[in-house]
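The values are calculated or read from the model by the stated rules, or taken from the named source; none is laboratory data. Predicted model, so just to flag it, every value in this text is computed and none were measured. Cβ sites come from the backbone with ideal geometry, for glycine too, and all protein chains shown count toward neighbours. Protein only, heavy atoms only, side chains kept; ligands, DNA and RNA dropped before computing areas. Shrake-Rupley method; radii C 1.70, N 1.55, O 1.52, S 1.80 Å.
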Amino acid sequence: LFSRMKKTPVDLSGEVRASYIVLGKFSGSDDIPQELMVSIKKPSLLFWNIFWATVRLRGINWLVSLKDVKGFAVYKCNWKTGVHRRVKMDHQGTNDLHRLLLAYKSWWSPSRIGHGWAVWIHKTINDTSGNPRIHPDGEALSIEVVLGWSKFRIAVVILLPTLLSLIIGIWFNSRNWSDLSTIQTAWGIASYIATAG
């Protein structure tokens with residue numbers, strides 16, 4: 001069980017002068033994550049830092065991928081041996097990570113929310129250390145970025161060719177609304193775009 005996740009961000013208060021967060025993304029083929037350590041200089045901008053870290057972890061494929069961040073999990077990273085193990089969490093820990101995801105996914109959150117989560121990460125995940133290599137046993141906790149299918153991106157990929165064909169069909173047909181050959185050409189082009197997409 002995950003014993004350090006007992007306090008929620010609402011319970012925590014305090015200043016975080018300099019902190020960090022280690023994010024990792026596991027590939028489907030092995031248990032070695034691609035990791036990135038992000039310095040949190042302004043705790044109020046925590047979610048902005050997490051967003052850009054996930055973009056950097058995913059690379060340029062982020063633009064065309066049909067997947068999006070669907071959750072967070074915790075894993076232990078032993079920097080001495082290079083072993084990474086997922087941590088089995090209790091109900092409270094799972095709820096905390098779900099609330100972190102909801103705060104991350106919200107369109108806007110006040111700076112106090114980002115600051116509260118930065119304090120929570122500093123005290124709970126980082127165990128108030130300023131460096132992940134400070135632990136004598138070499139084990140530090142990291143946050144796994146879990147990717148899943150994005151309904152919004154899939155809908156855009158499906159609807160974009162249809163909308164594009166309608167727009168081009170109407171635009172081409174607007175040249176001459178009464179000419180039969182223009183109408184046939186316009187909607188022939190539009191149907192080709194819809195089936196090609």
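At least 3 residues being within 20 Å of the chain's Cα centre (by Cα) is the threshold, and among the helices (runs of 4 or more DSSP H) wholly inside segment 110-197 those reaching it are 111-120, 151-173.
If the condition is being touching a strand residue (DSSP E or B) at 6+ places or on another chain (Cβ under 9 Å) and either surrounded by 12 or more Cβ atoms within 10 Å (Cβ to Cβ) or over 28 Å from F47 (Cβ atoms) (or both), then segment 150-182 contributes S150, R153.
A count restricted to segment 83-103 and to residues that are closer than 13 Å to S142 by Cα and open to solvent by less than 70 Å² (accessible area, probe 1.4 Å) stands at 3. Within segment 5-32, residues that are on the phi > 0 side of the Ramachandran plot reach partners that are modelled with pLDDT of 75 or more and open to solvent by 60 Å² or more (accessible area, probe 1.4 Å) with beta carbons closer than 9 Å, at six or more positions or on different chains, in the pairs G14/K123. The residue pairs whose first member lies in segment 80-96 and is touching a residue at least 60 places away in the same chain (Cβ under 8 Å) and in a loop (DSSP other than H, G, I, E, B), whose second member is polar (S, T, N, Q) and open to solvent by less than 100 Å² (accessible area, probe 1.4 Å), and whose beta carbons are closer than 9 Å, counting only pairs six or more residues apart or on different chains, are D90/S3. Restricted to segment 52-79, and to residues there that are polar (S, T, N, Q) and assigned to a helix (DSSP H, G or I), the residue that is least open to solvent (accessible area, probe 1.4 Å) is T54. All of (1) surrounded by 11 or more Cβ atoms within 10 Å (Cβ to Cβ); (2) over 22 Å from F26 (Cα atoms) hold for P132 with one exception: (2). When W107 is tested against the conditions (1) open to solvent by 40 Å² or more (accessible area, probe 1.4 Å); (2) in contact (Cβ under 8 Å) with a residue 24 or more places away in the chain, the lone failure is (2).
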